[in-house]
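**Q** Let me give you the structure first, and then I'll get to my questions.
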Amino acid sequence: MKLITILFSLPTMAAVISLNLGSATAESKKPNFLIILADDLGSGDLSCTGSTQIKTPHIDSIAAGGALCTQGYTAAPVCAPSRCGLMTGKSPAMIGNDMNLGPNLDGMDPEFHGLNVKEKTMADRLKALGYTTAVVGKWHLGEKEQFQPAQRGFDIFHGFLSGGRDYFAQNKGNGGAREIQSTLGEVPEVTYLTDDLTDAGIKIIEQCKDEPFFLFMSYNAPHTPMQATKEDLALYEHIENKKRRTYCAMVHGLDRGVGRLLESLKENGVDQNTLVVFMSDNGGASSNSSCNAPLRAAKGTLLEGGVRTPFLVSWPGVITPGTIVDSPVSALDWMPTFIHAAGGSVSEKDGLDGLDLAGVLSGKVKEPAPRDLYWRFHGVNMMRSGDLKIIDRANALPWVFDLSKDPGEQNDLFKARLEEADSLKRKLGDWVLEVPHPLYWEGDNWAKIQAKAYEKSEAAKQPADHAPSAHQ
């Protein structure tokens, strides 16, 4: 495997400099873009990220044919703000979208209860460059008309507007937020949602294969409710814990779906001209029995288990198969990467917080200018600067960790390296002072719940697999 070691940083300016790596592609034929987003997937729950319990050959093949980024970060530790960051290329906190989307609270204007309408989405920008844009699955960026996919740059939508739903039922009669909507035609009966969403994705690939397309496969698996097919459950019947057994079966179903999508790209002759990204919207959740080993904590916290996820990318002709990128990359990076690869340009006035990854992924750029990565969620602020990370909580002294030596965040260095900690705290504080008021509020109870999660958390370990030899 090819090892690429990089140090990232500098906010907007270095983030938006074009590396001209996508220009050759743009001059011939624009690449297609396929983002496959899992929901609440544990960072240690793929075979290629350390799982001995779950077999994920199709997802693994993306990394085998391209790159595995071992330190891939999401924009937020929960679903909606993570998607806001991915779709805009901007820190969710900086556009007023740092909270999760639940019911609108008293005193808050429901007209602002979704992805900031002043922001251009990835679909907006790619559509302007001649792309057909499609989203399949979970939306969770607002339910009122101004927030819906058709108003946010997407030509095609097949999925549901809410943050979760049943895998077997139609979910009708609840105002439509969980009901499957589609611009592809009549919606068939739900069989198993993960498989059904894959069917829709394949249909879009078939319809759009002759022109450049951007397909956002926003799966809700393995988010709760914990539901899997009997056939998938049977493969993991040796696992005693029922929730973990179901979770493994759900990830297995997701892997099958990814395999079918990749096969469809080949069958339709576009696999060699499609940039494929696989990641999760946030770290694995405690509610679904996922595993974030060897990281600490889970969804909802700014510890590594909440914001670091599997991060795989395939780009034929650009990435050498088997590449390892062993330094921080972010979901915010896909916006400038895609725009440049599509032949577009990004300027400082666009205000993007991401970095064009083409040079890093290809190996043509070894050491991009350093940058600091920032997060804010429910009164907790976090910054990663080089190998150092600071978490500043409302009810305790900050934590400082050296992630190069302590990825499980077990050794707090705040007091031992006080001078550096003070510098980090000031830099993080300067960023916080620039953060605007949120456009909507999730509720104070969540801040209390998640404050407890920080104290109770510890570094995760992979569960032992006692599968019979036939399953191996």
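**Q** With both bridge residues required to lie in the chain, what share of the DSSP beta bridges run antiparallel, to the nearest 5%?
**A** 45
**Q** Between their Cα atoms, which of LYS30/LYS366; LYS144/LYS448; LYS366/LYS405; LYS242/LYS405; LYS30/LYS138; LYS120/LYS203 are more than 31 Å away from each other?
**A** Those over the limit are LYS242/LYS405.
**Q** Using r as the Cβ-Cβ distance of ASP387 and ASP430, and R0 as 25 Å, what FRET efficiency do you calculate, to the nearest 0.05?
**A** According to the calculation, E is roughly 0.75.
**Q** If Lys and Arg each add +1 and Asp and Glu each add -1, what is the summed charge of the other residues whose beta carbon sits under 14 Å from the beta carbon of ASP465?
**A** Details: positive: LYS55, ARG244, ARG245, LYS461; negative: ASP45, GLU237, GLU240.
Net charge in that neighbourhood comes out at +1.
**Q** Still on this model: Can you tell me the FRET efficiency between ALA177 and GLU419 if r is taken as the Cβ-Cβ distance and R0 is 51 Å, rounded to the nearest 0.05?
**A** 0.50
**Q** Determine, for each peptide in 426-434, 395-403, 54-62, the mean count of other beta carbons within 10 angstrom over its residues, then list the peptides with the highest first.
**A** 54-62, 395-403, 426-434
**Q** Dipole size in debye (nearest 20) for the chain around its Cα centre, Lys and Arg Cβ +1, Asp and Glu Cβ -1?
**A** Dipole size: approximately 480 debye.
**Q** Between HIS113, HIS340, PRO188, whose Cα lies farthest towards the positive end of the dipole of the chain when Lys and Arg beta carbons carry +1 and Asp and Glu beta carbons carry -1, centred on the Cα centre?
**A** HIS340
**Q** Can you tell me which aspartates and glutamates have their Cα less than 12 Å from the Cα of LYS29? Leave out same-chain residues fewer than eight positions away.
**A** The qualifying aspartates and glutamates are ASP210, GLU211.
**Q** Where Lys and Arg each count +1 and Asp and Glu each count -1, what net charge lies around ALA228 among other residues with Cβ under 12 Å from its Cβ?
**A** Here the charged neighbours net out to +2.
**Q** Check each of the GluC sites (Glu not before Pro) in the range 181-224 and keep only those in coil by DSSP with at most 11 other C-beta atoms within 10 angstrom; list them in order.
**A** Those that pass, being in a loop and sparsely packed, are GLU186, GLU189.
**Q** What is the spin-label model distance, in nm, from ASP199 to GLU231 if the labels are put 7 Å beyond Cα along the C-beta direction?
**A** Rounded to a tenth, the inter-label distance reads 1.3 nm.
**Q** Arrange the peptides 409-418, 384-393, 356-365 so that the one whose residues have, on average, the most other Cβ atoms within 10 Å appears first.
**A** Going from most to least packed, we get 356-365, 384-393, 409-418.
**Q** At a 1.4 Å probe, what is the % contribution of carbon and sulfur to the accessible area of the range 219-274?
**A** 48
**Q** Tally Lys and Arg at +1 and Asp and Glu at -1 over the other residues with C-beta under 15 Å from the C-beta of GLN207: what net charge comes out?
**A** Details: positive: LYS203, LYS209; negative: ASP155, ASP199, GLU206, ASP210, GLU211, GLU267.
With Lys, Arg at +1 and Asp, Glu at -1, the neighbours total -4.
**Q** Can you figure out the FRET efficiency of SER47 with GLU206, using R₀ = 41 Å and their beta-carbon distance, to the nearest 0.05?
**A** Values: r = 29 Å, r/R0 = 0.71.
E between SER47 and GLU206, to the nearest 0.05, is 0.90.
**Q** Shifting gears a bit: Kindly provide the helix-only [θ] at 222 nm of the chain, computed as the sum of -39,500 (n - 2.57) over DSSP H runs of four or more divided by all residues, to the nearest 500 deg cm²/dmol?
**A** Calculated at 222 nm, the ellipticity per residue is -8000 deg cm²/dmol.
**Q** Using only protein heavy atoms and a 1.4 Å probe, report how much of TYR192 is accessible, in Å² to the nearest 10.
**A** Only protein atoms counted, so the area is about 10 Å².
**Q** Summarise the accessible area of the range 88-181 (1.4 Å probe, protein heavy atoms) by the percent that is carbon and sulfur.
**A** Result for the range 88-181: 48 percent of the exposed heavy-atom area is carbon or sulfur.
**Q** Moving on. Using the per-residue mean of other Cβ atoms lying within 10 Å as a proxy for protection, in what order, highest first, do the peptides 156-166, 84-94, 262-272, 285-295 fall?
**A** For the peptides 156-166, 84-94, 262-272, 285-295, the packing ranking is 84-94, 285-295, 156-166, 262-272.
**Q** I'd like to check one number: the per residue accessible area of the range 192-351, probe 1.4 Å, reported in Å² as a whole number.
**A** It amounts to 31 Å² per residue over the range 192-351.
**Q** Share of the range 299-409's accessible area from carbon and sulfur, percent, 1.4 Å?
**A** Of the solvent-accessible surface of the range 299-409, carbon and sulfur hold 48 percent.
The values are calculated or read from the model by the stated rules, or taken from the named source; none is laboratory data. The model shown is predicted, which means the values in this text are computed figures rather than measured ones. A quick note on method: Cβ atoms are made from the backbone with ideal geometry, for glycine too, and the neighbour counts reach across all protein chains shown. Surface areas here come from the heavy atoms of the whole protein model, side chains and all, with no ligands, DNA or RNA. Shrake-Rupley method; radii C 1.70, N 1.55, O 1.52, S 1.80 Å.
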